[in-house]
Structure formats: structure tokens, C-alpha cells
Amino acid sequence: MTLLGLDPEVVATARRLAARAAEPVVSIAKAHTTVAVERATLRLAGITGADTGHRAGDVPWVNRVVDTVRDHCGLDHGVVLPAFHALREHDLGSLTELAEATAAGQIQYRIPTGRAADRAARTGHTAIAKGLRTVDRNRAQRDKLVTRFGNPPRRPWIYLIVATGDIDEDVVQAANAARAGADIIAVIRSTGQSLLDYVPEGATHHGFAGTYATQENFRIMRAAMDDVSKEVGRYIRVTNYASGLCMPEIAVLAGLQRLDMMLNDSMYGILFRDINPIRTFVDQRFSRQVHARAGIVINTGEDNYLTTADAVDAAHTVTVSQLLNEHFAHEAGLPDELLGLGHAFEINPAVPESFRLELAHALLARELFPDAPLKWMPPTKHMTGDVFAGYQLDGFFNLAGVLTGQSILLVGMMTEAVVTPFLSDRDLALRNVRYVLDAASGLAEDFRPAPDGFIVKRAHQVLGEAVDLLDRIVRDGLLDAIADGTFGLMKRPPDAGKGADGVIAKADGYRNPAADLLEGK
Amino acid sequence: MKRHVRPYGDTTGDGMVQVSFTLPVPPGPKAEGAALQLAAKMGLDPAMVVHSHGIGGDFTFFVVYGSATHIVDLDAVEVVEREYPLLSPAEVNGVLRKLLRRKLVVVGGCIGTDAHTVGIDAILNIKGFAGEKGLEYYRELRVVNLGAQVTVPELVKRARAEKADAVLVSQVVTQRDAHILNTQEMSAAFREAMGDRRPVLVAGGPRFDPLMAGELGVDRVFGRGTTPGEVASYLVHALRTAQPEGAT
């Protein structure tokens, strides 16, 4: 049942406009590939490891191959045709051998034609299908473990971040957090990883304000949480970040290592990391197709808009972004139950009725996306270092989450913006959540905002503003809206930004068996 | 104000403070005793453990109240007092118009791998901070916000291209002293590239201490809670003091 009485016509209009705004961008995404999509494709085909002999430090084999192919014959036909053609031509046993031969300068890549092209595409298809079978097996294994250990006993699920920089320490902290009640563990990435155009290799122990996302780190954390799941009697989910310049590759690694949720926003990289818009939309589409296949819940990053813009004035930009994220996700094959659309409790506590405004915004998201596992994110902008005030604000945030039926609750830290959380900060934060859930988990049942009251009116107003903005975006074009600073006040033109040189227009003969398999062709 | 002071609980001179901490000791009488010993070594006498609870099996969290035996000598306290008057946006604009007869150019960004633009945006974006509008709001300032993860060479290049009068960098991430090293690298690069003709260099971030300006090689450091108005007023001050005498 709905509490806000949203007009279904207005809601349908909002979705229709979001689809129209997204349409040209989807066409652009389909017409291009990127170095990261091609690398992700080869990772699905089984390439692993890094060239440790390179003078610039470890370079992943997949980068060596894709960069060399690009030098020799371009990537507008995709990497699969030249790579698998070379594999056959040189009679090599594996892609890793091909990579080694590439590094040794023994391979001259070219684009095969005719029957040679079909043959290369076929072998590529077989290799990639094998990789996808691993992804499928992991999905089945997750389902099995969820059945065996069970889901968390109640909503919202409790999401907690660890970020030590050292995967071994992360494991200790994550295990303690899970024992203390966390249902989902997110390992925050090292600052700056989003702008690396390669995925580091191996277990890592020296991150900045976070731990590098690597295949091995994923494996270590998932294995540790499998043990803890057994111990605590519920399946502990593991989260990481499919964002930045390596979004598609990280999505593949997550699928190969049975991660459960991935941060994956359609516009975050553009706005907050100044990554080229086209690069982002192409990478995002592929990564979402992979997530859909892997049964991974994506988490979108609407909270970020509210940290740069005012959370009241910009409330409708969150709704617009959620609607766009929803459309892009559906287009990439993600069903509602895998859509962890984000929103956040970021209104200045000094604003009168700030809590009622928060409830209005949270309820609006809940009722617009009834089947999506919404991710509710805690205050960060107005955490001042006054840890006592912060603890209370987090309590209100928790209450708003319970009251409006949020699905995933990211645990707020009273020491936000002061220090990396202490062991005790996490413990106190979880106590805060537990208290609110124990004290008020059924309160939603009694919560009936007055039909023409403040909360209902505010929600209608925000939806109305969202529709107006979407209308403007449809008229101006989404890329122009992004260039004009519509979201989060950042201006990002489509031809600028990091990673722009990694975008390639597809030729007519472009082949990518991964894309075909993911799209069910 | 008296020269010698102690913390104030509810009576002058009671010295009462409250601290919380965690010890890697399982909860129990031994843990409480350990907490009291630590409190005593911290100068709390008498001290009371008013609360403790175990975290997992191996740690105990404490809240301790006690009377601090230490005395603060206010005469021995060194801080950077604001060395310039606080001006309103209108006053800043007025002075700049008279002084420069053109807009003052401010280039800002987060350097290194730091992606936290909250601080620089609070100062630069028109939105501002703490009820004050950001520098973009000032008519006589031209603001170029380069955003996050700007490399030092890029910053120098842009500062030169924009003919920057002032460069503002923000540093939030402090792991392994990244904020200090990045800022030193930045100031050295400007000195190297432009010598005396370098712009006014300002560093800001929650973990900076205004006393660090010399160590960082910058002209001014702003810490937690700095508002755009303070920065704008400082820029006017820096400009005034840089002008040859009698020019104003």
C-alpha cells in the first residue's frame, strides 16, 4: 500500500522521460567499445596474471595484449578477433602464453577476415562461454549458501565498510563486524584506484584510505566471509566497487569471485572523478550486463549529489538520477531485485523540520521503486567532529531507515570525517542500529503521514521537480545536461575527462562474443 | 581570563574530563584495573570507569571520568591568531577593485590522489559553507575549480595559464602523511617553476595546523571549520602586504 498517494500518471511520465533521456546515450554506448570493455572480455576468456618484468612495475597481461593489439591493428573490430587469430597462428596453448609472447615482441596482431575471422570468433566464444560458466556456477553457489546459512533475519540489512589498506587486516575487521551484526561487508578501495587504467594484481597490503580491488583480494575476502557465514549462521554478503576506469573488468572479477554487491553508478565517475562521459556510459553498460548475469546487486551513488549540492534544493536530482540509473540498469538486463538505488540522509540538521524532509525523500524513493533493494546512506556532510551530535544524527538516520522501509542500511559513523573508524566507533555504531531496529522495527506499520500533510506534500513537490528536470534533460540532451552542471554542480563536457582516449567507435565487423552471450544472442 | 586553568566539570578547578578508549583486553576486573592504570598515567586522579563493555572476545571499551592533575599555562599557548581583518564580500570586492582594477584569479583543487572535494568546494563553490557564500560569489574574484586528483604539474600549468594570483589546495586524506607530502611537493613545484612571481599559496584541510605553513612551504594554512569569508579576507590581506608601500 502507498502512503504518499503518488499519481500513477506522473510516475509513468517520469519513467517515460527517463527512458527518452537515456535513449541517445544507450545508442552511443552500443556504438562504442573501450579498452576496459575489451580487457574485461579477455578476462572472461581466462587471461590472468601480470607482466612482472616490465620496467613500469607489474602490468597486467590483459593490458599488454589490448594495448599491443590497439597499436598493431586498432580495437574497432574488438580484441577477440586479432587475439584469437594470433593464438591459432602461433599455435599457442593459452592466452597467458599469448601475452608472454606479446611482451617478448613475437606477435604481430592483425584483423582476420572471412573464415579466419569466423574461426577466431568461435574460439573466442568458447573461451568466454567457459568464463561465464564460472560466473553462473558462482551465482548458483551463492543461492545454495543463502539457502544453507540464511538471509539476515530482518530489513534493513546492515552494511558496514572496512578500509584498512591491507586485505589481511580487512578480513579481521570484516569478521568482527559480521559477528557484531553486519550483514554486508564493503571493502572501500584505495583512494585513486578509480583513475588507474588497470586492475592491480595479487593480495595487497598498502592502500590509501582503502584497499585495492584485485581478483586475489576479492577471493580472500569472499573465502573468509564464507567461513564467518557458517559461524554466524547467515550469509554475509561482500561488496566492492565497479567504478572508475576499470569498471567492466572489476565487474568480471566480481562475478568470477562471487562478490554479492557492487557499487555501480551511471554517472558518478563522470561527475565526481571527471571520467569521460562516453567512456563511463560504455563501460557502465557492459559492467551492468555482467552484474545481471552474476546476480550481483548494484548500488548506485545518489548520495554523492547531496554532499556537493544542498540536500533540500537538490533532492529532485537524486530522484532523476535514480530514474536514469533504473532505466540504464533495466536496459542492461538488471531486474528490479538487483537495483540497490541509493539515497542519503544529508539535510542540514539546522534546517527546520529536517527530519520530516528526510522522511519525505526516503518515502518517495521507497514508493517510486517498491521492488528495488534501496540503499540508505548515512549523514557525512553534516558530521562535524562533534561525535556526540553525530551519534544522535545517526540514530535519527537509522530511525528514518526503519520507518520508511529501506532495504540496505549503510551504518553511519559518528567519527565520519574525523578519523578512520576505531574498533569502538564501529561497535557503537552497530549498537545504535541494533537499538533502533529492536525498539522500532515494526513502527512502519503505525506510520501514516497525513494525506495532505508536510511529508506528503514535500514528496509530491520533489517528484514534480524531478519531472520538470527530466523534461529539460530530454530537451537539452543528457550529455549536455551533464556538461552544464545539472548534477552535483559539476560541469563535464562529453569530449573531456579522463580515459577519453580509451573510447573506440566500433567498426561494422566488430565482434565481441562476451557482449553477444551477455545479451542472449 | 586567568593565566592558569584546569578543565571545568561543574565547579571551577575540579579538572573533570571524560575520555573513552579501547584496550586489547577481554572484559572483566583485570580490564577495568588496566583502564584505571592508563587513566592514572594520563594524569587523571581520581579516575572512575563509569562504563565498560566487551567488543568481541578480545577487546574492552571504556568510558572514564576523572580529574586531570595537569594545569594549562595560557601564556605558554602558541596559536596563529588571525592576522588580518574579516571583511564582508562587498568590502572584499571594493578593496580588490581599487587595488587591482581587474579580477583576482583564484585556482583551486585537490592534489595528489585525494578525491575529497568537500573542502575545496565548500570554499570555492557559490554554495559556500556555514552560511557564507563561496568565493565564486565574489564579483571581483575569478574562480577556477580544478576539482579532484589534480596533478601538481597540471596545477602549475593551469595556474600559469590562468595567471593565478592565488592557488588553493585542499587535502583531506592523511594516510602516511599524504597531505603534508603532497603540499610540500606543490609548493616546491611553484617555487621551481615561477620563483618569486609565484601566486599566493594556500593549503587547507581538516588535519592541517595553521602553524605548519613554514614546514609546508605555503603562505597560509587553514584548518577545520574555515569559512570562505576568512579565505577571501586573507587573500585581500596577502595582496595588500605584497603591494609596494604606499600603493594602497
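The values are calculated or read from the model by the stated rules, or taken from the named source; none is laboratory data. Only a predicted model underlies this, so the values are computations on that prediction, with no experimental measurement involved. Positions of Cβ are backbone-derived with ideal geometry, glycine not excepted, and every protein chain shown enters the neighbour counts. Surface accessibility is based on the protein's heavy atoms, side chains included, excluding ligands, DNA and RNA. Shrake-Rupley method; radii C 1.70, N 1.55, O 1.52, S 1.80 Å.
Take the Cβ-Cβ distance between B:Q184 and B:E81 as r, set R0 to 22 Å, and report the resulting FRET efficiency rounded to the nearest 0.05. Write out the running numbers ahead of the final one.
On the way: r = 25 Å, r/R0 = 1.13.
Between B:Q184 and B:E81 the formula returns 0.30.
What is chain A by shape, rounded, prolate or oblate, if you read a ≥ b ≥ c off the alpha carbon gyration tensor as root eigenvalues and call it rounded for a/c under 1.5, prolate for a/b larger than b/c, and oblate otherwise? If you can, show how the numbers build up before the last one.
Details: a/c = 2.01, a/b = 1.49, b/c = 1.35.
Note, shape of chain A comes out prolate.
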*asked:* If I model a spin label at A:D71 and A:A129 as a point 7 Å from the Cα along the Cα→Cβ vector, what separation in nanometres do I get?
replied: 3.4 nm
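Just checking the output field for B:202-208: average partner chain Cβ neighbours within 10 Å of each residue's Cβ?
Working: counts 0, 0, 0, 0, 3, 2, 0.
Per-residue shielding by partner chains comes out at 1.
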*When we measure straight from the Cα of B:K2, which aspartates and glutamates land under 12 angstrom away, once same-chain ones fewer than 8 places off are left out?*
B:D73, B:D75
*Would you list, by chain and number, the lysines whose Cα falls below 21 Å from the Cα of A:K30, excluding same-chain residues fewer than 8 positions away?*
A:K498, A:K506, A:K521
*Which GluC sites (Glu not before Pro) in region A:309-366 pass both tests, a DSSP loop state and at most 16 other beta-carbon atoms within 10 Å?*
A:E353
*Can you tell which of A:L87, B:G13, B:A232 lies farthest toward the positive end of the dipole of the protein assembly as shown, using +1 and -1 charges on the Cβ of basic and acidic side chains (Lys, Arg; Asp, Glu)?*
A:L87
*Have a look at A:A311, A:L253, A:F355 and report the one farthest towards the positive end of the charge dipole of chain A, computed about the Cα centre with Cβ charges (Lys/Arg +1, Asp/Glu -1).*
A:L253
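Counting only protein heavy atoms and rolling a 1.4 Å probe, how much accessible area do B and A lose on contact, total for both sides, in Å² to 100?
Working: alone 14050 and 20050 Å², together 32130 Å².
Using a 1.4 Å probe on protein heavy atoms, the buried area is about 2000 Å².
Taking 8 Å as the Cα distance limit and 6 or more residues as the minimum spacing, I'd like the relative contact order of region A:259-341 as a percentage. Please list the in-between numbers first.
Values: 101 pairs, mean separation 30.6, N = 83.
This gives 37 percent for region A:259-341.
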*Subtract the Cα-Cα distance of A:D313 and A:E337 from 0.36 nm times their separation in residues, and report this length gain in nm to one decimal.*
5.7 nm
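Between A:D501 and A:E9, what is the FRET efficiency for a Förster distance of 45 Å, r being their Cβ-Cβ separation, to the nearest 0.05?
Numbers: r = 45 Å, r/R0 = 1.00.
My answer for the efficiency is 0.50.
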*With springs connecting C-alpha atoms under 10 Å apart, model chain B as a Gaussian network and identify which of B:I55, B:I71, B:I120 has the largest mean-square fluctuation.*
B:I55
*Mind checking which of B:V221, B:V143, B:V80 has the largest fluctuation in a GNM of chain B, springs on alpha carbons under 10 Å?*
B:V80
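With both partners inside chain B, how many of the DSSP beta bridges are antiparallel, as a percent to the nearest 5? Can you show the working numbers first?
Working: 20 of 39 bridges.
So the antiparallel bridges amount to about 50 percent of the total.
Only bridges whose two residues both fall in chain A count here: according to DSSP, what percent of them are antiparallel, nearest 5? List each step's numbers first, then the result.
Working: 5 of 29 bridges.
The antiparallel fraction comes to roughly 15 percent.
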_Could you sort the peptides A:292-303, A:426-437 by per-residue average Cβ neighbour count (10 Å cutoff), highest mean leading?_
A:292-303, A:426-437
*Taking only Cα atoms, what is the 0 to 90° angle, nearest 10, from helix A:61-73's long axis to the longest principal axis of chain A?*
60 degrees
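Please report, in debye to the nearest 20, how large the charge dipole of region A:18-134 is about its Cα centre when each Lys and Arg carries +1 at its beta carbon and each Asp and Glu carries -1 there.
400 debye
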*Compute the accessible area per residue over chain A, keeping the other protein chains in place, probe 1.4 Å, unit Å².*
37 Å²
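Ranked by accessible surface with a 1.4 Å probe, highest first, in what order do A:Y212, B:Y8, B:Y65 come? Could you put the intermediate results ahead of the total?
Details: A:Y212 50, B:Y8 145, B:Y65 90 Å².
The residues order as B:Y8, B:Y65, A:Y212, largest area first.
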*When the chain is fully extended, how far beyond the present Cα-Cα distance does A:K230 get from A:R434, taking 0.36 nm per residue of separation?*
71.3 nm
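Considering lysine pairs in region B:62-204 that are 8 or more places apart or on different chains, how many have Cα atoms under 21 Å apart? Kindly include the intermediate steps, with their values, before the conclusion.
Details: B:K98/B:K163; B:K103/B:K127; B:K103/B:K133; B:K103/B:K157; B:K103/B:K163.
Going through region B:62-204 pair by pair, I get 5.
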_B:H116, A:H85, reordered so the largest accessible area comes first (probe 1.4 Å)_ = B:H116, A:H85
*How much accessible area does B:M194 have with a 1.4 Å probe, in Å² rounded to the nearest 10?*
40 Å²
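Which order do peptides A:13-24, A:72-83 fall in by mean Cβ count within 10 Å, highest first? Write out the running numbers ahead of the final one.
On the way: A:13-24: 19.0, A:72-83: 22.9.
Result, highest mean first: A:72-83, A:13-24.
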*Taking every residue in A:187-195, how many Cβ atoms of other protein chains lie within 10 Å of its Cβ, on average?*
3
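Using 1/(1 + (r/R0)^6) with R0 = 60 angstrom and r between the beta carbons of A:R115 and A:K144, what's the FRET efficiency to the nearest 0.05?
Once rounded, the FRET efficiency stands at 0.90.
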*Relative contact order for region A:84-134, counting Cα pairs under 8 Å that sit 6 or more residues apart, in percent*: 42 percent
*For chain A, build the charge dipole from Cβ charges (+1 Lys, Arg; -1 Asp, Glu) around the Cα centre, then report which of A:T380, A:I482, A:L44 sits farthest towards its positive end.*
A:L44
*So what's the back-of-envelope 222 nm ellipticity for chain B, counting only DSSP H runs of four-plus at -39500 (n - 2.57) apiece and dividing by all residues, rounded to 500?*
-9500 deg cm²/dmol
*Within chain A, helix-based [θ] at 222 nm, where runs of 4 or more DSSP H residues each add -39,500 (n - 2.57), nearest 500*: -17000 deg cm²/dmol
*Quick one: putting +1 on the C-beta of Lys and Arg, -1 on the C-beta of Asp and Glu, what dipole do you get for chain A around its Cα centre, in Debye to the nearest 20?*
1360 debye
*asked:* Need the full-extension length gain, A:E23 to A:A101, defined as separation in residues times 0.36 nm minus the C-alpha distance. One decimal, nm.
replied: 23.9 nm
*How high is the relative contact order of region A:73-159, given as a whole-number percent (alpha carbon pairs under 8 Å, six or more residues apart)?*
32 percent
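How many Cβ atoms of partner chains, on average, are near each residue of B:21-30 if near means within 10 Å of its Cβ?
Across the residues of B:21-30, the mean count of other-chain Cβ atoms within 10 Å is 1.
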_Packing-based order for B:179-187, B:85-93, A:273-281, A:397-405, using average beta carbon neighbours within 10 Å, highest first_ = A:273-281, A:397-405, B:179-187, B:85-93
*Modelled label-to-label distance, B:A193 and A:D452, 7 Å Cα→beta-carbon offset: nm?*
6.2 nm
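Taking the Cα centre of region A:227-305 as the origin, how large is its charge dipole in debye, to the nearest 20, when only Lys and Arg (+1) and Asp and Glu (-1) carry charge on their Cβ atoms?
Numbers: 9 positive and 9 negative charges, 57 e Å.
That gives a dipole near 280 debye.
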